[in-house]
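The values are calculated or read from the model by the stated rules, or taken from the named source; none is laboratory data. Bear in mind the structure is a predicted one, so any value in this text is a computation, not a measurement. Cβ coordinates were reconstructed from backbone atoms using ideal geometry, including for glycine residues, and neighbour counts include every protein chain displayed.
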Amino acid sequence: MKKMLLDAVDVRILSAVQQHGQISKTRLSELVNLSPTPCWLRLEKLKKSGLITGYRGDIAVDRMLDLTRVFVTVSLKTHNRSDFERFEKCIQSIDEIVECSATGGGSDYVMKVITTSLQEFQNLIEELLSKEIGIERYYIYVVTRNIKSTPINLLKLMDKKKESGI
């Protein structure tokens, strides 16, 4: 995929959107130090290019419910394209699996699973195993507390890219 070239203003706009979500034209222009109309035009260009994929609110669900968070590594029995496709298609339909990444190395996938109890998690695992989607083995890591969860710092990342000449 062709990478889009961004200047410092574009990066500041993306960083502001990442931190504040949908904000007014005036507030965005203040944050990036650019007059409102050019700032808004750049924002629209960034949206149309697909760099901004959506807006969301981070909800403190823990303040409403007790949750069980588990990271699961999964290795498949066989490694044909159809095996990966079958597993991934199944995972897409399960709401409790909130993240799933294909990985290289010791396991094929790492998943983040959120349920309302450890028993509900166990039921989900048993359901996955009964679906015959090619799971050879899995390891679970129950989250005892979150230490850090933040979006990537775009400004710092782009500065490093500039320094390294990439």
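Structure summary
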quantity	calculated
Checking Met158 against (1) touching a strand residue (DSSP E or B) at 6+ places or on another chain (Cβ under 8 Å); (2) surrounded by 12 or more Cβ atoms within 10 Å (Cβ to Cβ); (3) aliphatic (A, V, I, L, M), the condition it does not meet	(1)
Among the candidates Leu43, Leu5, residue that is farther than 30 Å from Lys131 by Cβ and surrounded by 13 or more Cβ atoms within 10 Å (Cβ to Cβ)	Leu43
Every residue from the range 12-58 that is touching a residue at least 24 places away in the same chain (Cβ under 8 Å), part of a helix (DSSP H, G or I) and over 28 Å from Val98 (Cα atoms)	Arg12, Cys39, Arg42, Leu43
Pairs where the first residue, in the range 73-93, is touching a residue at least 24 places away in the same chain (Cβ under 8 Å) and the second is exposed (fewer than 15 other Cβ atoms within 10 Å of the Cβ) and not in a strand (DSSP E or B), C-beta under 7 Å, 6+ apart	Cys90/Lys131
Among (1) modelled with pLDDT under 95; (2) assigned to a helix (DSSP H, G or I); (3) not polar (S, T, N, Q), the one test that His79 misses	(2)
Unmet criterion (only one of (1) of a type in the set (S, T, N, Q); (2) touching a Ser or Thr at 6+ places or on another chain (Cβ under 8 Å); (3) over 30 Å from Ser117 (Cα atoms); (4) in the same structural domain as Ile135 (by TED's automatic domain parsing)) for Thr73	(3)
